[in-house]
Amino acid sequence: MRTWEKDPSAVLDWKFNWSNWLAAAETISSATVTVESGLTKDSQSNDTTTVTVWLSGGTLGEIYEVTCRVTTNQGRTDERTIGIRVTDR
């Protein structure tokens, strides 16, 4: 699982780019982002190839899992999980 860092007071956007996974003429038709308790999902949006989630909060020193699940116009479903490490560096 790839891990990214954020400050506990930061409100940042994280993008899941599915363009390399999608087949020709395939697009994202729906997306759901789930966030481990303790980190706040402020909003999410998607276009035909990417999903963006805005995150805030978290406890210093903790690592939170953020999972993005997509379904495509061709009926395929997949998910990816990243880690968000809360740090004050």
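Estimate the FRET efficiency between I63 and W21 by the formula 1/(1 + (r/R0)^6), using the beta-carbon distance for r and 30 Å for R0, to the nearest 0.05.
E(calc), rounded to 0.05, equals 0.75.
Explain nothing, just the number: dipole magnitude of the chain about its Cα centre with +1 on each Lys and Arg Cβ and -1 on each Asp and Glu Cβ, in debye rounded to the nearest 20.
140 debye
T77 label point, 7 Å along Cα→Cβ, cut-off 15 Å on backbone N: hits in the range 13-40?
In the range 13-40, the label zone of T77 (backbone N under 15 Å from the point 7 Å along Cα→Cβ) covers 29-34.
Could you state the accessible area per residue of the chain in Å², with a 1.4 Å probe and every protein chain left in place?
58 Å²
Report, in whole Å, the centroid distance computed from the Cα atoms of the range 1-34 and the range 60-89.
7 Å
Over the range 1-88, with every protein chain in place, what whole percent of the accessible area is carbon and sulfur at 1.4 Å, could you tell me?
The value for the range 1-88 is 44 percent carbon and sulfur by accessible area.
The values are calculated or read from the model by the stated rules, or taken from the named source; none is laboratory data. Just so it is clear, the structure is predicted and the values come from calculations on it, not from any experiment. Virtual Cβ from ideal backbone geometry, glycine too; neighbours counted across all protein chains shown. Accessible surface areas use protein heavy atoms only, side chains included; no ligands, DNA or RNA. Shrake-Rupley method; radii C 1.70, N 1.55, O 1.52, S 1.80 Å.
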